[in-house]
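The values are calculated or read from the model by the stated rules, or taken from the named source; none is laboratory data. In this text the structure is predicted, and so the values were computed from the model without any measurement. Please note: Cβ atoms are built from the backbone with ideal geometry, for glycine as well, and neighbour counts cover all protein chains shown. When the accessible area is computed, the model is the full protein with side chains, heavy atoms only, and any ligands, DNA or RNA have been set aside. Shrake-Rupley method; radii C 1.70, N 1.55, O 1.52, S 1.80 Å.
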Amino acid sequence: MRNVLDAPADRPHAQDRGGKSVRPGWRARAGVLAAATAMISTAALIGAVPAMAAPAPIKLTSSSCPSVIQQGQNSGCVTELQNLLNAHGAGLTVDGDFGPATLHAVREYQAATAIAVDGLVGPQTKSKLYATGGSAPAPINLLSSSCPANIVQGNKSGCVTELQRLLRHYGYSVDVDGDFGPATESAVRSFQSSHGLSVDGQVGPNTKAELYNTDESPATGIDLRSASCPANITEGQSGGCVATLQALLNGKGQHLDVDGEFGPLTLAAVKSFQSASGLSVDGEVGPNTKAALYSNIGGGGGSGAPAPINLNSASCPSNIVKGQKSGCVTELQSLLNHHGADLAVDGDFGPMTEAAVRDFQSEKGLSVDGQVGPNTKAALYGAVTPPTTPPPGGGYSKIYDVAAAEVGTVEGSARANSYGAAVGLSLSTNNYAWCATFVSWVAQQTGATSYRNSYVSGWVKQARAGNYHLSVTNSPQPGDIVAYDWNGGSDFTGGHEHIGIVRSWSGGSSFTAVEGNTGNPNGGKDGVYVKNRSTASGYDVVFIRVR
């Protein structure tokens, strides 16, 4: 289903004299060290001044920390944040003070792990920091020849890192440290038991296959510039490097599914980006393309975008337009991202920001001119209720019947490929994640709602806003829509989403759903099938009523 991620990290690493990569902050830290040495010499003359100890670390997800940790704050929450960032190689001074260097490290981390690059440490960034082991070996696909046929307790490797990431995807609270210890073995046994596998705690071929039998594989968030990725990433490749590539392209204005598969759509997006960036248009992601993808997060060693300014303040023009660069644009981009735009928050009103403004205006029923005037500002701040769509005419009663009739349709078939017409796509379902497209097609057939979107997040956003005769319900029934956020956070972004249509509800936590782009329970190609689901399986579920 979709994904959504924002823009990229800063500049390419510098090179030392031996040609080895040096992180951008190295020279800055060397300068700090030199300054500290000078201070020590002075202190010897005038009397040493003890350094202020950092506040005691506080877990970011605790109630003692704000929901969003940001620049300017000083607390044990920031101490914890800095420790986590250092575990991922940031090299920060741990002082509990969220300054420019910490902001820069947050942005670098967000880009490297393929999530929205805004410098704000909200639920998604917190979750990712705790889910990705900073010092763990880089993940390795379990099905590759680099992993043993049976991964067992005691192993320490990138294969175990990948195993732990997959287990977390299924809701198991294991540390991602690349070390197959007792907790990981316990999670493996529980996974095997719940999936009808032989329970031996060893990760062999059957367990590996079942771990990868997900409707959307989570992105591994590998930095394209690292040794873990090929020097040139090309069509036909798959894995975490491709997932990060897709996420970075989305941050530059593309709209790719982050599925880790470098297919025709990703190739076209790469070429479009290369053309817009003045690069050689060859569709290969080499050093120059990687550097361009990681540009424009904010220069100056972490100074970032201009500080945001409320759009309604006297400091912002009555009409904010393409070409402007200011804190007003920073605020605009942040607001657009809140509405699902996937922009780099850099304070620069360029073509991608204009396109996002136009999309937002169209969605809200405003005049589509790409300029941010009073009505668009009001809508961005939620002060305008979009016009209602025509009544659905009772088509909601047919939703389940239409969906159920499609069960057994195989991915890549002419029938499955025809679903794309509902959202204006003429593609083989072999080449993109199409679960939300299937839901859109069912909606089109029934006339239950005029809303169409190939992204899961769009359906959830409109239901939560009460638009297009969609609403969120806690009492699901056959024919309701159900959306899943596999990695939690309930934000339905990040490339870990899925959607289907409720078939039956037990009244407890269990239910069944008809879903497109989902695994064949009997093996074979994905397609439209009935899946057994639960609201108590470690992922977030939202039920959507169509009325």
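Going through Gly201, Gly196 one at a time, which residue ends up being over 28 Å from Ala243 (Cα atoms), in a loop (DSSP other than H, G, I, E, B) and open to solvent by 30 Å² or more (accessible area, probe 1.4 Å)?
Criteria check complete, one pass: Gly196.
From (1) part of a loop (DSSP other than H, G, I, E, B); (2) open to solvent by less than 70 Å² (accessible area, probe 1.4 Å); (3) modelled with pLDDT of 90 or more, pick out the condition that doesn't hold for Leu60.
Going through the list (1) part of a loop (DSSP other than H, G, I, E, B); (2) open to solvent by less than 70 Å² (accessible area, probe 1.4 Å); (3) modelled with pLDDT of 90 or more, Leu60 breaks only (3).
Give region 123-146 a look and list any residue that's crowded, with 18+ Cβ neighbours inside 10 Å and either modelled with pLDDT of 80 or more or under 17 Å from Ser62 (Cα atoms) (or both), or say none.
Gln124, Thr125, Lys126, Ser127, Lys128, Leu129, Ala131, Leu142
Among the residues in region 96-104, are any buried (at least 20 other Cβ atoms within 10 Å of the Cβ), modelled with pLDDT of 90 or more and small (Gly, Ala, Ser)?
Within region 96-104 (the criterion being buried (at least 20 other Cβ atoms within 10 Å of the Cβ), modelled with pLDDT of 90 or more and small (Gly, Ala, Ser)), the answer is yes, since at least one residue qualifies.
Hey, among Asp257, Asp215, Asp223, which residue is in a loop (DSSP other than H, G, I, E, B), modelled with pLDDT of 60 or more, closer than 20 Å to Ala433 by Cα and among the charged types (D, E, K, R)?
Values: Asp215 fails: modelled with pLDDT of 60 or more; Asp223 fails: closer than 20 Å to Ala433 by Cα.
Testing whether each residue is in a loop (DSSP other than H, G, I, E, B), modelled with pLDDT of 60 or more, closer than 20 Å to Ala433 by Cα and among the charged types (D, E, K, R) leaves just Asp257.
Scan region 499-525 for residues that are outside any strand (DSSP E or B) and within 25 Å of the chain's Cα centre (by Cα) and jot them down.
Quick first cut of region 499-525, residues outside any strand (DSSP E or B) only: 506-509, 519-525.
Of everything in region 499-525, just one residue is outside any strand (DSSP E or B) and within 25 Å of the chain's Cα centre (by Cα), namely Gly519.
Being open to solvent by 50 Å² or more (accessible area, probe 1.4 Å), at pLDDT 80 or above, among the basic types (Lys, Arg) and under 26 Å from the mean Cα position of the chain (by Cα): is that true of Lys290 here?
Details: open to solvent by 50 Å² or more (accessible area, probe 1.4 Å): no; at pLDDT 80 or above: yes; among the basic types (Lys, Arg): yes; under 26 Å from the mean Cα position of the chain (by Cα): yes.
No, not satisfied.
Checking the structure you have, find out if any residue of region 147-161 is hydrophobic (A, V, I, L, M, F, W, C), within 19 Å of Ala87 (Cα to Cα), at pLDDT 85 or above and over 15 Å from the mean Cα position of the chain (by Cα).
First, the residues of region 147-161 that are hydrophobic (A, V, I, L, M, F, W, C): 147, 149, 151-152, 159-160.
Among the residues that remain, those that are also within 19 Å of Ala87 (Cα to Cα) are: 160.
Okay, now just the ones that are also at pLDDT 85 or above, so 160.
From what's left, over 15 Å from the mean Cα position of the chain (by Cα): 160.
Scanning region 147-161 turns up at least one residue that is hydrophobic (A, V, I, L, M, F, W, C), within 19 Å of Ala87 (Cα to Cα), at pLDDT 85 or above and over 15 Å from the mean Cα position of the chain (by Cα).
Taking only pairs six or more apart or across chains, which ones have beta-carbon atoms under 8 Å, a first residue in region 361-373 that is under 17 Å from Gly466 (Cα atoms), and a second residue that is at pLDDT 90 or above and in a loop (DSSP other than H, G, I, E, B)?
Once the first residue is under 17 Å from Gly466 (Cα atoms) and sits in region 361-373, no partner that is at pLDDT 90 or above and in a loop (DSSP other than H, G, I, E, B) comes close enough.
Would you say Gln110 is of a type in the set (S, T, N, Q) and at pLDDT below 80?
Values: of a type in the set (S, T, N, Q): yes; at pLDDT below 80: yes.
Considered against the rule, which asks whether it is of a type in the set (S, T, N, Q) and at pLDDT below 80, Gln110 comes out as yes.
Which condition number in (1) open to solvent by 40 Å² or more (accessible area, probe 1.4 Å); (2) closer than 29 Å to Gln371 by Cβ; (3) part of a loop (DSSP other than H, G, I, E, B); (4) modelled with pLDDT of 85 or more is the one that Ser280 fails?
(2)
So which residues in region 448-462 are modelled with pLDDT of 85 or more and out of contact with any strand residue (DSSP E or B) (no Cβ under 9 Å at 6 or more places or on another chain), if there are any at all?
Arg452, Lys461, listed by residue number.
For region 294-327, enumerate the residues that are closer than 18 Å to Ala355 by Cβ and either in a helix (DSSP H, G or I) or modelled with pLDDT under 75 (or both).
Asn296
Would you point out which residue out of Asn467, Asn453 is open to solvent by 30 Å² or more (accessible area, probe 1.4 Å) and under 26 Å from the mean Cα position of the chain (by Cα)?
Answer to the selection: Asn453.
Being more than 27 Å from Arg168 (Cβ to Cβ) and either in a helix (DSSP H, G or I) or not acidic (Asp, Glu) (or both) narrows it down to one of Val528, Val541, so name that one. Lay out the reasoning, then the answer.
Working: Val541 fails: more than 27 Å from Arg168 (Cβ to Cβ).
None of the others qualify; the one that does is Val528.
Does Leu332 count as more than 20 Å from the chain's Cα centre (by Cα) and either at pLDDT below 85 or open to solvent by less than 40 Å² (accessible area, probe 1.4 Å) (or both)? Outline the logic, then answer.
Details: more than 20 Å from the chain's Cα centre (by Cα): yes; either at pLDDT below 85 or open to solvent by less than 40 Å² (accessible area, probe 1.4 Å) (or both): yes.
Against the criterion (more than 20 Å from the chain's Cα centre (by Cα) and either at pLDDT below 85 or open to solvent by less than 40 Å² (accessible area, probe 1.4 Å) (or both)), Leu332 qualifies.
So the check is Cβ under 6 Å with 6+ separation or different chains; which pairs have a first residue in region 518-547 that's in contact (Cβ under 8 Å) with a residue 60 or more places away in the chain and farther than 14 Å from Thr409 by Cβ and a second one that's in a loop (DSSP other than H, G, I, E, B) and open to solvent by less than 20 Å² (accessible area, probe 1.4 Å)?
Between residues of region 518-547 that are in contact (Cβ under 8 Å) with a residue 60 or more places away in the chain and farther than 14 Å from Thr409 by Cβ and residues that are in a loop (DSSP other than H, G, I, E, B) and open to solvent by less than 20 Å² (accessible area, probe 1.4 Å), the close pairs are Tyr539/Trp486; Phe543/Pro476; Phe543/Asp480; Arg545/Asp480; Val546/Ala448; Val546/Thr449.
Among what's in region 351-365 and is aliphatic (A, V, I, L, M) and more than 13 Å from Asn319 (Cβ to Cβ), pick the residue that is most open to solvent (accessible area, probe 1.4 Å). Spell out the reasoning first.
From region 351-365, those aliphatic (A, V, I, L, M) are 352, 355-357; that's our starting set.
Next, only the ones that are more than 13 Å from Asn319 (Cβ to Cβ) stay: 352, 355-356.
On the way: Met352: 84, Ala355: 44, Ala356: 12 Å².
Across region 351-365, the extreme among qualifying residues is Met352.
Check every one of the helices (runs of 4 or more DSSP H) wholly within region 372-427 and list those with 2 or more residues that are at pLDDT 85 or above, open to solvent by 20 Å² or more (accessible area, probe 1.4 Å) and within 30 Å of Phe349 (Cα to Cα). Break it down stepwise before answering.
Details: elements: 374-380, 399-404, 414-418.
Passing ranges, in order: 374-380.
Does Val199 meet the test of being modelled with pLDDT of 75 or more, in contact with a Lys or Arg (Cβ under 6 Å, 6 or more places away or on another chain) and more than 25 Å from Leu265 (Cβ to Cβ)? Can you show your working first?
Details: modelled with pLDDT of 75 or more: yes; in contact with a Lys or Arg (Cβ under 6 Å, 6 or more places away or on another chain): yes; more than 25 Å from Leu265 (Cβ to Cβ): yes.
Yes; evaluated as a whole, the condition is true for this residue.
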